[in-house]
Amino acid sequence: MKKYNFYAGPAILPAAVIEQLAQGVLNFNGSGLSVAEISHRSSDFTHVMQESRRLVREILQVPDTHEVLFITGGSTHHFAMIPMNFLAKKAAYINTGHWSNKAVEYAQCYGNAEIVASSQDAQFSYIPQNMNIPQDADYCYLTSNNTIYGTQFQQYPACGAVPLVADMCSDIFSKRIDVAQFALIHASAQKNLGAAGTSLVIIDREWAQRNKPRPIPEIFDYAAHIAKASVLNTAAVLSVYSCYLTLQWIAARGLAVIEQDNIAKAAYLYHFLDNSSLFTPRIQGKENRSLMNVVFDIKNPDLEATCLQYAQQHDIVGIKGYKTVGGFRASLYNAMDMEGVQHLVEVLQSFEQKNA
Ligand code: PMP
């Protein structure tokens with residue numbers, strides 16, 4: 001029975017990737033070994049790592065100034081590694097809710113993390129505009145897509161000479177971006193990229209290699225990861241392999257096509273929510289809406305639990321909103337196709353009619 005997976009993360013992966021991954025777990029490249037039991041220094045895995053890094057470069061047109069790394073762990077690890085590596089005097093943080101809040105908290109362990117713009121005054125329902133980024137900041141940090149609140153930057157702030165750092169955990173590979181705008185991008189694998197376990201980092205090489213503001217262990221030093229070609233320690237082989245397969249899937253489809261599909265899928269769901277008598281989108285301002293995580297509410301909260309149950313009976317999985325914000329959330333990552341979104345809308349529509 002087909003399930004429609006709307007989980008926010010770990011999240012849906014392309015069916016073809018899951019099949020290839022399963023095959024690789026049983027017998028990797030006809031080697032008679034599982035991809036889960038090969039050395040991260042074997043030639044087979046070296047190929048997977050090198051190709052994954054190359055595919056990221058190709059898909060995102062990463063300029064020569066930047067390095068592509070896979071580092072074990074999630075985006076959370078980079079909340080700490082970024083200030084360790086780069087926070088000397090002061091860093092400027094844009095607070096769009098939970099994930100940027102956490103990044104601020106981690107940075108404060110190392111120095112002055114100043115919130116220079118925030119949407120806390122309206123429950124993080126919008127993306128702050130017209131910011132003044134202090135030009136003496138070591139870097140400016142933002143969360144490009146807030147997975148929990150369902151907001152997304154459509155344009156990134158102009159930071160002048162201040163290096164821009166972005167947590168793209170939940171919208172990397174969902175659209176084309178200009179990598180040159182960023183000094184560092186980080187993203188856990190678990191959404192548009194692959195199985196959880198590794199994280200992608202795209203980093204300006206020169207910036208990474210600058211003198212550190214403090215002594216840090218090698219494993220937390222971006223420059224050391226560059227020097228060791230992303231295998232400073234044991235790589236998360238299975239997770240990186242899943243990324244490799246997904247990157248091939250992305251490259252074959254093309255990012256421009258994926259971007260158009262993502263616009264169409266989100267437009268379809270928001271159109272239903274905007275016109276529904278029972279449901280309403282949490283984020284009202286269209287310019288703030290996430291195309292990846294559509295957060296919505298039911299106008300009669302007494303029906304929330306029944307609606308979740310109804311959705312489940314119709315093979316819809318993972319639309320319960322994040323625990324601190326409630327409501328519903330449908331995550332429309334790359335691997336969710338239009339047919340899946342149409343199914344969700346049909347089910348919500350039929351629930352609406354039954355409860356009219
Ligand atoms: N940033 C964002 C935007 C996220 O959505 C998440 C996880 N959902 C994280 C950071 C944390 O990622 P991880 O748990 O893999 O460290």
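Since every read-out is calculated from the coordinates, none of them should be taken as a lab result. Not measured: the values here are computed from a predicted model. Counting neighbours? That spans all protein chains shown, and the Cβs are built from the backbone with ideal geometry, glycine included.
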Study note, to complete from the structure: Rounded to one decimal in nm, the spacing of the 7 Å Cα→Cβ label points at residue 18 and residue 312 is 1.9
Check your understanding: Between 316, 292, 275, whose Cα lies farthest towards the positive end of the dipole of the range 272-328 when Lys and Arg beta carbons carry +1 and Asp and Glu beta carbons carry -1, centred on the Cα centre?
Key -> 292
Revision key, fill the gap. If every Lys and Arg gets +1 and every Asp and Glu gets -1 at its Cβ, then about the Cα centre the range 1-84 yields a dipole, in debye to the nearest 20, of 240
Check your understanding: What percent antiparallel are the DSSP beta bridges of the chain, to the nearest 5?
Key -> 60
Review point. Can you work out the FRET efficiency for the pair residue 212 and residue 275, with r the C-beta to C-beta distance and R0 = 41 Å, to the nearest 0.05?
Key: 0.15
Revision key, fill the gap. Packing-ranked peptide list from 301-314, 51-64, highest mean Cβ count within 10 angstrom first, is 51-64, 301-314
Check your understanding: According to a simple spin-label model (label point 7 Å from Cα along Cα-to-Cβ), what is the distance in nm between residue 46 and residue 61?
Key -> 3.2
Review point. Based solely on its DSSP helices, what 222 nm [θ] is calculated for the chain when runs of n ≥ 4 H residues each add -39,500 (n - 2.57) and the sum is averaged over all residues, nearest 500 deg cm²/dmol?
Key: -11000 deg cm²/dmol
Exercise for review: Filter the DSSP H helices in the chain by two things, a Kyte-Doolittle mean of at least -1.0 and an axial alpha-carbon span of 20 angstrom or more, and list the hits by number.
Suggested key: 43-60, 237-253, 255-275, 338-354
Practice item. May I ask you to list the lysines whose Cα is less than 28 Å away from that of residue 299, ignoring any residue fewer than eight positions away on the same chain? Key: 3, 265, 286, 320, 323, 354
**Study point:** Rounded to the nearest 20 debye, dipole of the chain from Cβ charges on Lys, Arg, Asp, Glu
**Key:** 280
Check your understanding: Separation between the residue 302 and residue 131 pseudo-spin-labels, each 7 Å from Cα along Cα→Cβ, expressed in nm?
Key -> 4.3
Point to revise | Diffusion constant of the chain at 25 °C, which comes from Stokes-Einstein with the Kirkwood Cα-pair radius and 0.890 mPa s, µm²/s | key: 116
**Study point:** Kirkwood-Stokes translational diffusion coefficient of the range 39-113, alpha-carbon pairs, 4 °C, 1.567 mPa s, µm²/s
**Key:** 88
